[in-house]
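Working notes, beginning with the structure itself.
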Amino acid sequence: MTLPQFKFLAPTNLDEACALLKKHQGKIKVKAGGTDMIVRLSHRAVKPDYLMTLKKIPGLNEISWDDQGGLVIGALALLREVEVSPIILEHAPMLARAAHATATVQIRNMGTVMGNICNASPSADNIPTLVAMEASIVAFSERGQREISLDDFFLGPGRTALAADELAIAIKVPAPAPKTGVSYQKVSQRSKVDIAAVNIGALVTLDGAGNCARVRISMGAVGPTPLRARQAEEFLAGKPASAANLAEAGRLAAADASPISDVRASKEYRKLMVEVLSQRALAEASGFAAGN
Amino acid sequence: MSDNQDFSVVGKSLPRSDARIKAVGAAQYADDIFLPGMLYGKLLRSPVAHARIKSIDTSAAEALPGVKCVITGADIPKIKYGNWRLVPESQDEYALAIDKVRFIGDEVAAVAALDKDTAEEAVRLIKVEYEELPGAFSVDEALAENAPVIHDEYQQQTPNISLDRKISYGDLDRAFAEADLILDDVFTVHATSHAYMEPCSCVAEYDHDGRLTIWTSTQAPYFVQCLLALTLEMRENDIRVIKPYVGGGFGGKMEMRPWEFCAAFIARKLGRPVKFTLTREEELATGRRRHPMKIHSKVAFRKDGMILGKEFIVHLDGGAYNSMGPTACFLCGNFGAMLYNYPNYRYYGAHVYTNKPPAGAMRGFGAPQALFVAETQMNMAAEKLGLDPIDIRLMNAMETGDEIPGVATISSCGFKESLLKVAEMTDWRERRKNLKPGQGIGIGCYSFISGGVFNWFNTRYNFTRAEVRAFDDGTVHLMTMASDIGQGCDTVLRQILAEELGLKISDIRLTAADTAVTPQADLGTWGSRVTLMAGNAVRKAAQEIKEQLYKMVSLKFDLNVIHDMRCKDGKIFPANRPDRNISFGEAVRMAQRANRGEPIIGYGSYTPRNKGLVTPAFSFGAQVAECEVDRETGAIEVKYMTTAHDCGTPINPMAVEGQLEGSVHMGLGYALCEQFIMKEGKTLNTTFLDYKLACAEDMPPGVSVHIDTYEPDGPFGAKEAGEGLVSPTAPAIADAVYHATGYRCMDLPITPLKLLKGMKKI
Amino acid sequence: MKKELITLNINGDDIEVAVHPWRTLNEVLRDELHLTGTKLGCGTGDCGACTVLLDGRSVSSCLTLAVEAEGHEITTIEGLSPEADHGDLEHSPLHPIQESFIQKGAIQCGFCTPGMIMSAKFLLDHTPQPTEAEIRAGLSGNLCRCTGYNKIVDAIADAADKLAKGE
Ligand SMILES: Cc1cc2nc3c(=O)[nH]c(=O)nc-3n(C[C@H](O)[C@H](O)[C@H](O)COP(=O)(O)OP(=O)(O)OC[C@H]3O[C@@H](n4cnc5c(N)ncnc54)[C@H](O)[C@@H]3O)c2cc1C
Ligand code: FES
Ligand code: FES
């Protein structure tokens, strides 16, 4: 199908971009890589009068690390760049795994991690790990810059906490505490290259005694937004990551999930997968934590 | 082997003759054709599954600038069509809906405009008022009392059963009475998409001489020609159908389709070329598909494993129109009785209308469904009787010379050899016993036809024909209507001709699949008919050429009449005196002179006669799947496929392997990942994001061996290799999954959810 | 709405073309410029038949806006072996990936082939000696219904060898 008609805007700096957002509020859509947006346009799920690309704005594709501030991933950093970035592979390899698990080679060559987040699909591959790692989004508008924790970023499928005149310009991931491990787990019902039926990001920080000091579990595709497995997190706090404890944590995570049935998987399958994958993610993350 | 000579070209893994043009992107498919002044067409499809059309208002669409034509059912001749011309009442489709729509996607109107955007916009502007009717979305719903009647204009004995078929031989009641084991199971198998990578497309043009030319992505140019003539009320000879390169068909492109009709109709009306190209969404949401079936199969065994008889009751969920359903209904009954000797057999097959996109022909044509059931039951019986699945098969396997009563005689059969071979290659007996938890190994087998005998299209011509023109520069020109849709018949037919005439592939020009210039007629590419049928025709045409040229050698060397002649390496000579040779070109020159300038042309036809009711020849084979199951997630990974198959002489082993590997892809998809998710007749997964084809990472490596047989009815001993192999994969994988987990699938596809439920994890 | 005049660099040539902003690169290549080697199999980024290289990176031309391709080097299947365009069409050397696809039986209907070859090019440019698993992963965005992929995998391994030997 051909795309619907729109006027195309290609601002070359953030101020201009935000001014356009404000001016055409309600009639404008933003694209980065466009791998979600162009598909939505062709299905006529959206019909904006204006389509604004961010691609002409310089400086938005950096990937940088600093021991204090942690990791910054610019809004235009491609999935492919995150997948192979030496910085990410060194400091946050699970983000590379999640990026690699997203879509196909071509889509990763076009799409951005930020697009994956702002698209706010419950099954997005890059969200759970970032949530587990306590990432936040740097939002920019005429009113200035603010940081939004990913925990507060998702309001519903396709809906985020960004205001209509705001752009997301970077993802910030704090440097993990010592003895911290992260894992990303994904399952799909049909193919190795597929949208997740369920995905889980987990972060575990161990204390001196080897017990779980901090646990964060984010579950994808089991609710309208990525969900935290709060009961499981609380249960594990202060406990060793033993098989029995992880199994219980898995059961608690499943209890916190509220999946639906759709063309990709059924509710009951998703529930069970939360249990299985969160155990696997916690086992891997605590294993890494012990080694770190 | 007979044909006791060494082949020079046949049996060689030559690259396909069109590989180069495809590798550089220069091969033109229908949508690659642009004609001056060409308009773009678009179809309006029904959004409702079953309704009466109360009114159609096209005025807004017509008023849109750039729109050149809008047509609806009211504008076209009220003529029904369908491939089963032999049974006129089975022809149940209008090119555009008249009065009623019967599935979501039924074509209601068509638009032609200056560009695609305008055509799409115009379609959105057409207003149709529907009076919705209750729908029937499964066999059970369609056969329920008070079910909505989908084709109310026909008298049907049972409403919604468009036709049925019975086969019966032997004394089945006695077989069941004497049986030690009776398996009595109901299976369901699902619909899948052909998913050829090239969406359907055509370009039609009408010239001032009154000729309509259509380039179309088709497997059967002749069907398109005949049915366009019928529905446009034109003469066949005024319609020229040209098959450009075709990006796969698998059965999905073997009928005349509404867009071909609309392109032709509008081109004729406006005198401008018109192109229609479907979107992938249209293909997936409304396209033909493999028949879902409900199969009740009851098999009687003696305790030593001998099959005593079988009752096979099949309900085909045909969707809204017959399409190729009658053939599937017909063949399913035959495949239910294939592979093994069923001394007593009863089949009832019924083709049922439902308000869903019509099912049509798809690679295997009834065999994947019937054999999924038959092979699964063989594995079940083996287990119940404490036998090895291969032993129980060997005990019952068909052999050369076996007869299916009243239906066919098996003229060559490498089935037992295939079974023994896969057992040996996989170390079957050991591995079946000793695998790690989560690992499984399973078997499935197949047989298939090499082209059909039954003339349902009711052609008045031979089934296929070839013309070969010889030139004095030592080359020949082969003309055939056989249609290469990717399977490689252009290459294989050249190989057959090159072998027969002792020429090189590069000495052969080929013109194929253009109804105006290639010989009448060929029924097309389906039913695995081309290699055997067109191959035989090509051989015969070559033999006519040779007869003319041999005379020249005899004359030149004043040879005794008893000499046997050979064509080899571009030369013609007596078999026992290769030194007395003349070149092929020289022989053509001499023959032409001797005939006062008459060109040297050979013709060959083939129509199966005295070959029973089904096919001239059957292929056979066995396949072993190895898989690994994640017992927590239900994820199934197929690790390796081992295949032994009997396709007679492989004319091009590399091409045969390619068919095999492609079949494994389709079979694996059938078993595991491909399915339509439907709700009230609506297809919910209409992109490849959600209609999942296995990708390269999902596909296992594998090995295949060819079992050496010689098919007396095939060219150089060849028979089919294109379709049968799609059948064993699903039962083999299902058996491996059973072996790994204890879950026996009786309703395809095997999803992780079903598997985990079967393992009582959910 | 008025069209915009843009300059696309395609296979080394600068080509001016007037386009609407909602035109995809695939539409411009095929419908406007008749560079039909690049196919359209789905239009939603799922099949890979439309794959081209944009500054050496494999992308889906069906999801790329033509206006956004301006200023980038576009390589299509037609540009992979420019030598083949003149002289002896039947025998002139093609890119090693194309040669391997031909020799190894990796082509059947050929509809996926141009996209497959462009993906293979991207893969081998970045991973000159790929393992079988890397080849399969490199084809994750290209569907083929005919071959079952195994011969394509073989062909790419073969091409990698040839390229390593400098053939
Ligand atoms: C074939 C295919 C397969 C896919 N498979 C997967 C998969 O396996 N897993 C998965 O998670 N996703 C998948 N996707 C979805 C998509 O590729 C990803 O979500 C991708 O990361 C989106 O990035 P993008 O840059 O292309 O986003 P765009 O399409 O450009 O934008 C996506 C959304 O985010 C908004 N947006 C983007 N950038 C900003 C910004 N800086 N500020 C504010 N809003 C912004 C846009 O307005 C839009 O609503 C697939 C898509 C396709 C076409
Ligand atoms: S046509 Fe672009 S990915 Fe299928
Ligand atoms: S060769 Fe036909 S789709 Fe790949």
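The values are calculated or read from the model by the stated rules, or taken from the named source; none is laboratory data. The shown structure was predicted, so the numbers you read here are calculated from the model rather than taken from an experiment. When we count neighbours, we look across all protein chains shown, and the Cβ atoms used for this are built from the backbone with ideal geometry, even at glycine.
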(request) Tell me which of these C:T36 doesn't satisfy, since it passes every other one: (1) surrounded by fewer than 23 Cβ atoms within 10 Å (Cβ to Cβ); (2) within 11 Å of chain B (Cβ to nearest Cβ); (3) of a type in the set (S, T, Y). (result) (1)
(request) Among the residues of segment B:724-748, write down those that are over 21 Å from B:T643 (Cβ atoms) and either touching a residue at least 24 places away in the same chain (Cβ under 8 Å) or among the basic types (K, R) (or both). (result) B:T741, B:R744, B:M746, B:D747
(message) Anything in segment A:84-133 that is more than 14 Å from chain C (Cβ to nearest Cβ), touching a Phe, Trp or Tyr at 6+ places or on another chain (Cβ under 6 Å) and more than 8 Å from ligand 1 (Cβ to nearest atom)? List them, or say none.
(response) A:I87, A:H91, A:M94, A:A98, A:T129
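To keep it simple, each residue is scored yes or no on (1) acidic (D, E); (2) over 36 Å from the mean Cα position of the chain (by Cα); (3) crowded, with 22+ Cβ neighbours inside 10 Å.
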site	(1), (2), (3)
B:M481	no, no, yes
B:I505	no, no, no
B:P519	no, no, no
B:N536	no, no, yes
B:V561	no, yes, no
B:D569	yes, no, no
B:G585	no, yes, no
(message) For segment C:78-91, check the following and say yes or no: at least one residue is within 16 Å of ligand 1 (Cβ to nearest atom) and of a type outside the set (S, T, Y).
(response) no
(message) Please determine whether any residue of segment B:642-655 is crowded, with 23+ Cβ neighbours inside 10 Å, of a type outside the set (S, T, N, Q) and assigned to a helix (DSSP H, G or I).
(response) yes
(message) What are the pairs with Cβ atoms under 6 angstrom where one residue, in segment C:111-122, is without any contact (Cβ under 8 Å) to a residue 60 or more places away in the chain and the other, located anywhere, is more than 9 Å from ligand 3 (Cβ to nearest atom)? Sequence gap at least six, or different chains.
(response) C:I117/C:I97; C:A120/C:I97; C:A120/C:I156
(message) Considering only residues that are touching an Asp or Glu at 6+ places or on another chain (Cβ under 7 Å), surrounded by fewer than 24 Cβ atoms within 10 Å (Cβ to Cβ) and within 9 Å of chain B (Cβ to nearest Cβ), which ones fall in segment C:111-139?
(response) C:R136, C:A137
(message) If I filter segment B:717-726 for residues that are of a type in the set (V, I, T) and at the interface with chain C (Cβ under 10 Å from one of its Cβ atoms), do I get at least one hit?
(response) no
(request) May I ask you to list the residues in segment B:329-370 that are outside any loop (DSSP other than H, G, I, E, B) and among the aromatic types (F, W, Y)? (result) B:F330, B:F335, B:Y340, B:Y345, B:Y347, B:Y348, B:Y353
(message) Considering only segment A:140-149, I want to know if a residue exists there that is closer than 30 Å to A:G291 by Cβ, in the same structural domain as A:L89 (by TED's automatic domain parsing) and either in contact with a helix residue (DSSP H, G or I) (Cβ under 6 Å, 6 or more places away or on another chain) or within 16 Å of ligand 2 (Cβ to nearest atom) (or both).
(response) no
(message) Between a residue in segment C:45-68 that is at the interface with another protein chain (Cβ under 7 Å from one of its Cβ atoms) and any residue that is part of a helix (DSSP H, G or I) and near ligand 2 (Cβ under 6 Å from one of its atoms), which pairs come within a Cβ distance under 8 Å, given they are 6 or more apart or on different chains?
(response) C:G45/C:C62
(request) Could you list, in sequence order, all residues of segment A:134-192 that are under 30 Å from B:C673 (Cα atoms), out of contact with any Asp or Glu (no Cβ under 7 Å at 6 or more places or on another chain) and surrounded by 14 or more Cβ atoms within 10 Å (Cβ to Cβ)? (result) A:G158, A:Y184, A:Q185, A:V187, A:Q189, A:R190
(message) I need a count of the residues in segment B:451-502 that are part of a loop (DSSP other than H, G, I, E, B), more than 27 Å from B:G364 (Cβ to Cβ) and in contact with a Cys (Cβ under 9 Å, 6 or more places away or on another chain).
(response) 1
(request) Go through B:K692, B:K682 for me and flag whichever is outside the structural domain of B:K12 (by TED's automatic domain parsing) and away from ligand 1 (no atom under 16 Å from the Cβ). (result) B:K682
(request) Starting from segment B:23-46, keep only residues that are within 12 Å of another protein chain (Cβ to nearest Cβ) and more than 18 Å from B:C200 (Cβ to Cβ), then list their pairs with residues that are aromatic (F, W, Y) and surrounded by 24 or more Cβ atoms within 10 Å (Cβ to Cβ) whose Cβ atoms are within a distance under 8 Å, requiring at least 6 positions of separation or different chains. (result) B:A23/C:F101
(message) Of the residues C:Q103, C:Q98, C:Q108, only one is within 16 Å of ligand 3 (Cβ to nearest atom), surrounded by fewer than 24 Cβ atoms within 10 Å (Cβ to Cβ) and free of Cβ contacts under 8 Å to residues at least 60 places away in the same chain; which?
(response) C:Q103
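Within the group A:K29, A:K47, A:K55, which residue is surrounded by 15 or more Cβ atoms within 10 Å (Cβ to Cβ), part of a loop (DSSP other than H, G, I, E, B) and more than 16 Å from ligand 2 (Cβ to nearest atom)?
On inspection, the qualifying residue turns out to be A:K55.
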(message) When you scan segment B:208-218, do you find a residue that is over 20 Å from B:G488 (Cα atoms), at pLDDT 95 or above and within 14 Å of another protein chain (Cβ to nearest Cβ), even just one?
(response) no
